[in-house]
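Taking it in order: structure first as structure tokens, then the write-up.
The values are calculated or read from the model by the stated rules, or taken from the named source; none is laboratory data. The model shown is predicted, which means the values in this text are computed figures rather than measured ones. Glycine also receives a Cβ, built like all others from the backbone with ideal geometry; neighbour counts cover every protein chain displayed. Surface areas here come from the heavy atoms of the whole protein model, side chains and all, with no ligands, DNA or RNA. Shrake-Rupley method; radii C 1.70, N 1.55, O 1.52, S 1.80 Å.
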Amino acid sequence: MSFGQGGPAWGPGDNGTPDWAALADEAAARSRRKRWLLIGGGALATAAVVAIVATAIVSTGDSKDGADGKSASELPSPQTLPSGTAEPQPSFSSVAPPPPPNPHDYISSARKDKAPLSADTLFPGKTLKMGDRTYTKGATARTTDCAAATRGSLGPALTSNGCDQVIRATYVRDGVAVTIGVATFETEAKAQRAKEQAGIGLAPLAGSGVPAFCDGGHAVCRNLSNSYGRYAYFSISGYTTGKSVTKGDKNAFAAGDDLAEFTFRQIVARGEAQARAAATAPPA
């Protein structure tokens, strides 16, 4: 063990006894020197780290950009960056497009309902299929003398409301014949009044393979009436054998209902076709 450069200190008189006070002071001095050396070394290490970080920051600032190879110092300043684009921008009209035409408007007034109308346009083809039931078309007729296509109270109701024409067609299936008649008016209100005042009275139309039916004898026939738009439509259903229609007669009821449903669809289709044509027509 070393006790400094001069060896251990001895007590007064050099009597061979160590000077313990002097040895304690010397040990304290060595401890202070060691502590300052550690503090100094730590400061130097910290300074070295700061220098490394500073160097890394400077090096990063001088490195090349990975996307276009330009350094940060070569990028344009915010004042010289483009503020907009030369590409044309979309423009939108503030005017809302007009609503599509209402099909009902085209069958509610004679002023707009201009599509061709005849027995062939209302009742096309030689047969009619509704569900699993197929009907064969018989005779057709058109007249502007509306009362001539009726009997009973229907004629006066049509005439008083300004009926323009009556178009009739007859269909037959399994011995049941149905005549459907469509009367046209100037307005929807007139057609509705004619339906409400009509009661019964459409004249059955025989011929073209369909024998006489519901001819005013003792047989009971079924009558229907309805209206849609400027159209009022009526039907009379009965057996070609002269048999009466009863309340539980499914065949006669189904035939009348089928023809009324088909006629309604045909009237609606007229309005839809004219509305589509108006929507796709070039502006005037």
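All conditions in (1) at pLDDT 95 or above; (2) farther than 24 Å from R168 by Cα; (3) not aromatic (F, W, Y) hold for S118, with the sole exception of (2). Screening A149, A198, A191 for residues that are modelled with pLDDT of 95 or more and farther than 24 Å from R111 by Cα leaves exactly one candidate, A149. All of A279, A252 fail the test of being open to solvent by 50 Å² or more (accessible area, probe 1.4 Å) and in a helix (DSSP H, G or I), apart from A279. Would you confirm, using the coordinates I've provided, whether S93 is at pLDDT 95 or above, under 28 Å from R276 (Cβ atoms) and not hydrophobic (A, V, I, L, M, F, W, C)? No, not satisfied.
Within the stretch 110-157, the only residue that satisfies the criterion of being charged (D, E, K, R), open to solvent by less than 60 Å² (accessible area, probe 1.4 Å) and under 22 Å from K195 (Cβ atoms) is D113. Which residues, taken from the stretch 203-248, are hydroxyl-bearing (S, T, Y), in contact with a strand residue (DSSP E or B) (Cβ under 7 Å, 6 or more places away or on another chain) and exposed (fewer than 15 other Cβ atoms within 10 Å of the Cβ)? S208, the sole residue that qualifies. The set of residues in the stretch 158-202 being of a type in the set (A, V, I, L, M), part of a helix (DSSP H, G or I) and either over 20 Å from V220 (Cα atoms) or open to solvent by 60 Å² or more (accessible area, probe 1.4 Å) (or both) consists of L158, A189, A191, A194. The single residue among A147, A115 that is part of a helix (DSSP H, G or I), over 15 Å from A255 (Cβ atoms) and touching a helix residue (DSSP H, G or I) at 6+ places or on another chain (Cβ under 7 Å) turns out to be A147. Filtered by the rule that a residue be of a type outside the set (A, V, I, L, M, F, W, C), in contact with a Lys or Arg (Cβ under 9 Å, 6 or more places away or on another chain) and in contact (Cβ under 8 Å) with a residue 40 or more places away in the chain, the stretch 232-255 gives Y233, S235, S237, G238, N251.
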